[in-house]
Amino acid sequence: MTMKVDYGSHDALLVVDMQNDFCEGGALAVAGGAALVPSINAEIEAARAAGALVVASRDWHPVDHVSFSHRGGPWPVHCVQDTPGAAFHPDLALPDDAIRVSKATAFDADAYSAFDGTGLGGYLQEKGIERVIVCGLALDVCVHATVLAASREGFTTLLLEALSAAVDPDAIEACHRDFEEAGIEVRA
(Lines give C-alpha, C1' and ligand atoms only; values in the text may rest on other atoms or scores of the structure.)
Protein backbone atom coordinates (compact mmCIF):
# COMPACT_ATOMS: atom_id res chain seq x y z
CA MET A 1 0.00 0.00 0.00
CA THR A 2 1.30 3.46 -0.87
CA MET A 3 -0.17 6.78 0.16
CA LYS A 4 -0.54 7.96 -3.46
CA VAL A 5 1.90 10.82 -3.02
CA ASP A 6 2.93 12.44 -6.30
CA TYR A 7 6.68 12.37 -5.62
CA GLY A 8 9.23 14.31 -7.61
CA SER A 9 12.89 15.28 -7.54
CA HIS A 10 12.22 18.22 -5.18
CA ASP A 11 10.75 15.93 -2.52
CA ALA A 12 12.29 14.10 0.42
CA LEU A 13 10.62 11.17 2.16
CA LEU A 14 11.75 11.35 5.78
CA VAL A 15 11.29 8.08 7.69
CA VAL A 16 11.52 8.83 11.41
CA ASP A 17 13.04 6.42 13.94
CA MET A 18 11.94 3.04 12.59
CA GLN A 19 14.28 1.37 15.06
CA ASN A 20 14.11 -1.89 17.00
CA ASP A 21 13.67 -0.19 20.37
CA PHE A 22 10.54 1.60 19.09
CA CYS A 23 8.96 -1.56 17.66
CA GLU A 24 7.31 -4.40 19.54
CA GLY A 25 9.76 -6.08 21.90
CA GLY A 26 11.91 -2.96 22.13
CA ALA A 27 12.74 -0.87 25.17
CA LEU A 28 10.25 1.88 24.24
CA ALA A 29 7.88 0.00 21.94
CA VAL A 30 5.11 1.80 20.08
CA ALA A 31 2.07 -0.43 19.52
CA GLY A 32 1.80 -1.23 15.82
CA GLY A 33 5.30 0.02 15.01
CA ALA A 34 6.57 -3.10 13.26
CA ALA A 35 3.33 -3.43 11.29
CA LEU A 36 4.12 -0.14 9.53
CA VAL A 37 7.30 -1.49 7.92
CA PRO A 38 5.78 -3.10 4.77
CA SER A 39 3.80 0.03 3.92
CA ILE A 40 6.78 2.29 4.63
CA ASN A 41 8.88 0.06 2.35
CA ALA A 42 6.29 0.52 -0.42
CA GLU A 43 6.43 4.29 0.15
CA ILE A 44 10.23 4.26 -0.03
CA GLU A 45 10.02 2.37 -3.32
CA ALA A 46 7.48 4.85 -4.75
CA ALA A 47 9.58 7.83 -3.66
CA ARG A 48 12.76 6.42 -5.17
CA ALA A 49 11.03 5.51 -8.43
CA ALA A 50 10.01 9.17 -8.82
CA GLY A 51 13.49 10.52 -8.04
CA ALA A 52 12.76 11.72 -4.50
CA LEU A 53 15.41 11.72 -1.80
CA VAL A 54 15.00 9.16 0.99
CA VAL A 55 16.11 10.17 4.49
CA ALA A 56 15.95 8.05 7.65
CA SER A 57 16.42 9.52 11.11
CA ARG A 58 17.40 7.57 14.17
CA ASP A 59 17.72 8.18 17.88
CA TRP A 60 21.42 7.58 18.58
CA HIS A 61 21.95 8.09 22.28
CA PRO A 62 25.21 7.78 24.18
CA VAL A 63 25.24 5.61 27.28
CA ASP A 64 23.75 7.53 30.23
CA HIS A 65 21.87 9.98 28.01
CA VAL A 66 20.07 12.79 29.84
CA SER A 67 16.65 11.56 28.61
CA PHE A 68 16.97 8.22 30.44
CA SER A 69 14.90 7.78 33.59
CA HIS A 70 17.90 6.85 35.75
CA ARG A 71 19.30 10.31 34.88
CA GLY A 72 16.01 12.03 35.70
CA GLY A 73 14.63 11.98 32.15
CA PRO A 74 11.23 10.75 31.00
CA TRP A 75 12.25 7.61 29.08
CA PRO A 76 13.70 4.17 29.75
CA VAL A 77 17.14 3.43 28.29
CA HIS A 78 16.64 3.11 24.52
CA CYS A 79 18.46 3.44 21.19
CA VAL A 80 21.95 3.44 22.70
CA GLN A 81 24.59 3.88 20.00
CA ASP A 82 25.81 0.66 18.37
CA THR A 83 23.31 -1.60 20.15
CA PRO A 84 20.70 -3.85 18.51
CA GLY A 85 17.93 -1.63 19.88
CA ALA A 86 19.31 1.39 18.01
CA ALA A 87 19.44 -0.47 14.69
CA PHE A 88 16.80 0.15 12.06
CA HIS A 89 14.08 -2.51 12.00
CA PRO A 90 15.57 -5.50 10.12
CA ASP A 91 12.77 -5.52 7.54
CA LEU A 92 13.01 -1.80 6.76
CA ALA A 93 14.24 -1.61 3.16
CA LEU A 94 16.41 1.49 3.28
CA PRO A 95 18.29 1.97 0.03
CA ASP A 96 22.07 2.16 0.26
CA ASP A 97 21.97 5.79 -0.85
CA ALA A 98 19.38 6.85 1.74
CA ILE A 99 20.61 9.67 3.96
CA ARG A 100 20.86 8.51 7.56
CA VAL A 101 20.52 11.21 10.22
CA SER A 102 21.51 10.56 13.84
CA LYS A 103 19.90 12.73 16.51
CA ALA A 104 20.15 13.17 20.28
CA THR A 105 23.82 12.23 20.18
CA ALA A 106 25.01 14.56 22.98
CA PHE A 107 25.10 13.32 26.58
CA ASP A 108 23.45 16.40 28.01
CA ALA A 109 20.74 17.35 25.51
CA ASP A 110 17.79 15.58 23.98
CA ALA A 111 16.50 16.11 20.46
CA TYR A 112 13.20 14.85 19.12
CA SER A 113 13.28 16.45 15.67
CA ALA A 114 15.41 15.08 12.84
CA PHE A 115 16.31 18.74 12.19
CA ASP A 116 17.58 19.48 15.71
CA GLY A 117 21.36 19.85 15.65
CA THR A 118 21.81 17.61 12.61
CA GLY A 119 22.24 20.05 9.73
CA LEU A 120 19.42 18.31 7.87
CA GLY A 121 17.58 21.52 6.95
CA GLY A 122 20.60 23.04 5.25
CA TYR A 123 21.43 19.78 3.50
CA LEU A 124 17.92 19.46 2.07
CA GLN A 125 17.99 23.08 0.90
CA GLU A 126 21.35 22.48 -0.82
CA LYS A 127 19.79 19.50 -2.61
CA GLY A 128 16.90 21.65 -3.86
CA ILE A 129 14.29 19.92 -1.73
CA GLU A 130 11.06 21.89 -1.44
CA ARG A 131 8.71 19.39 0.18
CA VAL A 132 9.29 16.97 3.05
CA ILE A 133 6.99 13.97 3.46
CA VAL A 134 7.20 12.43 6.94
CA CYS A 135 6.23 9.06 8.43
CA GLY A 136 7.44 6.76 11.21
CA LEU A 137 7.65 6.64 15.00
CA ALA A 138 6.41 8.01 17.24
CA LEU A 139 3.67 10.26 15.93
CA ASP A 140 3.24 12.15 19.19
CA VAL A 141 6.96 12.59 19.93
CA CYS A 142 9.67 12.56 17.25
CA VAL A 143 7.35 12.60 14.21
CA HIS A 144 5.45 15.53 15.75
CA ALA A 145 8.67 17.47 16.39
CA THR A 146 10.10 16.64 12.96
CA VAL A 147 6.96 17.67 11.07
CA LEU A 148 6.78 21.02 12.87
CA ALA A 149 10.52 21.62 12.39
CA ALA A 150 10.33 20.84 8.66
CA SER A 151 7.59 23.44 8.32
CA ARG A 152 9.59 26.00 10.35
CA GLU A 153 12.59 25.35 8.08
CA GLY A 154 10.43 26.52 5.17
CA PHE A 155 9.58 23.20 3.56
CA THR A 156 6.09 22.34 2.39
CA THR A 157 5.35 19.49 4.80
CA LEU A 158 3.11 16.45 4.50
CA LEU A 159 2.53 13.91 7.26
CA LEU A 160 1.60 10.37 6.24
CA GLU A 161 -0.39 9.57 9.36
CA ALA A 162 -1.36 6.08 8.22
CA LEU A 163 2.36 5.26 8.17
CA SER A 164 2.93 6.55 11.71
CA ALA A 165 1.96 5.37 15.19
CA ALA A 166 1.80 7.14 18.55
CA VAL A 167 3.13 6.23 21.99
CA ASP A 168 -0.03 7.78 23.46
CA PRO A 169 -3.03 7.63 21.12
CA ASP A 170 -4.76 10.22 23.32
CA ALA A 171 -2.12 12.77 22.27
CA ILE A 172 -2.96 12.56 18.56
CA GLU A 173 -5.72 15.17 18.77
CA ALA A 174 -3.30 17.74 20.22
CA CYS A 175 -0.81 16.88 17.46
CA HIS A 176 -3.50 17.49 14.85
CA ARG A 177 -4.17 20.94 16.33
CA ASP A 178 -0.47 21.79 16.14
CA PHE A 179 -0.27 20.58 12.54
CA GLU A 180 -3.37 22.55 11.54
CA GLU A 181 -2.03 25.73 13.17
CA ALA A 182 1.23 25.30 11.24
CA GLY A 183 -0.57 24.69 7.93
CA ILE A 184 0.73 21.15 7.60
CA GLU A 185 -1.17 18.67 5.44
CA VAL A 186 -2.01 15.40 7.18
CA ARG A 187 -2.89 12.45 4.99
CA ALA A 188 -4.67 9.68 6.89
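Within the range 109-165, the set of residues being charged (D, E, K, R) and either farther than 19 Å from residue 175 by Cα or at pLDDT below 95 (or both) comprises 110, 126, 127, 130, 131.
Among the residues of the range 68-90, write down those that are of a type outside the set (A, V, I, L, M, F, W, C), part of a loop (DSSP other than H, G, I, E, B) and either at pLDDT below 95 or in contact with an Asp or Glu (Cβ under 6 Å, 6 or more places away or on another chain) (or both). Result: 72, 73, 74, 76, 78. For the range 9-51, a residue qualifies if it is in contact (Cβ under 8 Å) with a residue 60 or more places away in the chain and in a loop (DSSP other than H, G, I, E, B), and the qualifying residues are 9, 10, 17, 18, 23, 28, 30, 31, 32, 33. Here residue 58 meets each of (1) in a loop (DSSP other than H, G, I, E, B); (2) crowded, with 22+ Cβ neighbours inside 10 Å; (3) not small (Gly, Ala, Ser) with one exception, condition (1). Can you list the strands (runs of 3 or more DSSP E) found entirely within the range 91-176 that contain at least 1 residues being in contact (Cβ under 8 Å) with a residue 40 or more places away in the chain and among the basic types (Lys, Arg)? Answer list for the range 91-176: 99-103, 131-137.
The values are calculated or read from the model by the stated rules, or taken from the named source; none is laboratory data. Just so it is clear, the model here is predicted, and its values are computed rather than measured. Positions of Cβ are generated from backbone atoms using ideal geometry, with glycine treated the same way; all protein chains shown enter the neighbour counts.
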